Amino acid sequence: MATDIFETRESQVRSYCMNWPAVFERAEGPYQYTEDGSRYLDFFSGAGALNYGHNHPELRDLVVEYVANSGVTHSMDMKTPAKRRFLETFERIILEPRNLDYKVMFPGPTGTNTVEAALKLARKVTGRQHILSFTNAFHGMTLGALSVTGNSMKRKGAGIPLTNSSKIPYDDYFDGDLPDFIWLEKVLEDSGSGVDKPAAVIVETVQGEGGLNAARMEWLKELHNLLRRHKILLIVDDVQAGCGRTGTFFSFEPAGITPDIVCVSKSISGYGLAMALTLFKPELDVWEPGEHNGTFRGNNLGFVTAARALELFWSDDSFQKELAGKIEALHSGMEKVTEHVKGSYVKGRGFLSGIAFPEPDTAGKVAAEAYKRNLLVETSGPQDEVVKLMPPLNIPDQDLLKGLGILEEAVLAATGQLGEPSRLRPPH
Ligand SMILES: *Cc1c(COP(=O)(O)O)cnc(C)c1O
């Protein structure tokens, strides 16, 4: 089937489809089907936008019903029953049981939108300009979010100086050789340090794009306490790590901390629909009406599926318990795979994990070999040195094991320990 139009008409800014040239037509659960009839097991999950798999049948039926009844689709920030139901459900199932009292803001519907809103709010509340972020952080592609992002290629794309932020070392940046926060603590206490007191520090608990570095809970706690002592706001960017990806709804829950501001997007709609939230403590709600605005804040289809997804997966702890078992299976499978390559090791936390290889080009080769065997896996890290595994959180056990089996074969093939795939396994 024709694919020329993608090459001739679409901008060369596209990226995923360069490595995965198939034309995907239908999708269900952990599988995507191409228009010429092959099936791919999806361990990418829209970079974390599809935590409950593709087209969950109950959510799909709700979308169909809502559209068939001419429910309001676009509403700016006007009131709709769909928004009411989402807010009530989010309060009841997510906030109240976790003792979290956050105001809910709907910024524009993407991850970078919620980060921009968070940075703007932190600056407005504190009257300070400077933001600190971490080495290898990724927070989005608009200017404010880019200014707190690490990747030099992406930063360069801004075309202008990215100002009013500096980078500080993430957990274990010095491989344990230096005590954590030694620099930060010192400069915050020294009025002669020349480092402007920041409005906020923005952090990912697991660096999804920056190589799956996972912060330790003690480190997060220490960061939280240090910032509190200095009256600096803590922003957790939970765009990728949130909505269950690491094993709990918010990724920071096991640390027992309460961030001042939380950024949520990717999987909050539960259905791959564009939606984002900026959550903050009520005393930070100093916005003027309309001071941060956007045309697509009222995505009612997203509200409808988001509310139902929270009910389906988070109304008691059964899903989280089941997920804990799957996380164990994923991690022991990955450990087994690392035995094939000297110096490779498992990184990340929960279902936001992967394998780092000593040779930076191995991960890319593994992803390519996986694709040949109908498994979608991405790479992560400053040199794309990590193979990243993000299956849907509700993946059936047999599909999880199947993906791990393909991964093992792909690793063997990429490292020259295996022949051609067609001789080993029948095609899917
Ligand atoms: C994906 C991501 C973003 C940006 O989200 P977009 O929807 O692509 O704008 C921001 N922060 C983190 C941690 C992300 O993973």
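The values are calculated or read from the model by the stated rules, or taken from the named source; none is laboratory data. Source: prediction; values computed, not measured. Neighbour counts are summed over all protein chains in view; Cβ atoms, including those assigned to glycine, are modelled from backbone coordinates with ideal geometry.
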Test R92 against the criterion of being in contact (Cβ under 8 Å) with a residue 12 or more places away in the chain, surrounded by fewer than 19 Cβ atoms within 10 Å (Cβ to Cβ) and either of a type in the set (S, T, Y) or away from the ligand (no atom under 12 Å from the Cβ) (or both), and give yes or no.
-> no
Name the residues in segment 17-34 that are out of contact with any helix residue (DSSP H, G or I) (no Cβ under 9 Å at 6 or more places or on another chain) and modelled with pLDDT of 95 or more, would you?
-> F24, E25, R26, A27, Q32, Y33, T34
Please work out which one of (1) away from the ligand (no atom under 15 Å from the Cβ); (2) touching an Asp or Glu at 6+ places or on another chain (Cβ under 9 Å); (3) in a loop (DSSP other than H, G, I, E, B) is the condition Q240 fails and give its number.
-> (1)
Criterion: surrounded by 21 or more Cβ atoms within 10 Å (Cβ to Cβ) and among the charged types (D, E, K, R) - qualifying residue of D285, D260 = D260
Determine, yes or no, whether P259 is within 14 Å of the ligand (Cβ to nearest atom), free of Cβ contacts under 8 Å to residues at least 60 places away in the same chain, not assigned by TED's automatic domain parsing to the domain that holds P392 and not basic (K, R).
-> yes
Any residue in segment 145-154 that is in contact with a Gly (Cβ under 7 Å, 6 or more places away or on another chain), in the same structural domain as P282 (by TED's automatic domain parsing) and of a type in the set (D, E, K, R)?
-> no
Identify all residues within segment 20-72 that are more than 16 Å from the ligand (Cβ to nearest atom), surrounded by 14 or more Cβ atoms within 10 Å (Cβ to Cβ) and of a type in the set (S, T, N, Q); write none if there are none.
-> Q32, T34, N55
Among T34, T89, T8, T80, which is the only one that is under 30 Å from M334 (Cα atoms) and among the polar types (S, T, N, Q)?
-> T34
Please indicate, with yes or no, whether at least one residue in segment 372-381 is surrounded by 18 or more Cβ atoms within 10 Å (Cβ to Cβ) and more than 27 Å from H54 (Cα to Cα).
-> no
When segment 4-51 is checked residue by residue, the ones that are part of a loop (DSSP other than H, G, I, E, B) and acidic (D, E) are E10, E35, D36
Expected single match for outside any strand (DSSP E or B), among the hydrophobic types (A, V, I, L, M, F, W, C) and either in the same structural domain as D172 (by TED's automatic domain parsing) or over 29 Å from G37 (Cα atoms) (or both) among I395, I355, I327 is I327
Does D177 satisfy the criteria of being away from the ligand (no atom under 16 Å from the Cβ), part of a loop (DSSP other than H, G, I, E, B) and on the phi < 0 side of the Ramachandran plot?
-> yes
Segment 111-166: number of residues that are in a loop (DSSP other than H, G, I, E, B), surrounded by fewer than 22 Cβ atoms within 10 Å (Cβ to Cβ) and on the phi < 0 side of the Ramachandran plot | 14
Just name the residue that is surrounded by the fewest Cβ atoms within 10 Å (Cβ to Cβ) out of those in segment 330-345 that are in contact (Cβ under 8 Å) with a residue 40 or more places away in the chain and in a helix (DSSP H, G or I).
-> K336
Which one of the conditions (1) more than 28 Å from S165 (Cα to Cα); (2) among the hydroxyl-bearing types (S, T, Y); (3) out of contact with any Lys or Arg (no Cβ under 8 Å at 6 or more places or on another chain) does S265 fail to meet, given that it meets all the rest?
-> (1)
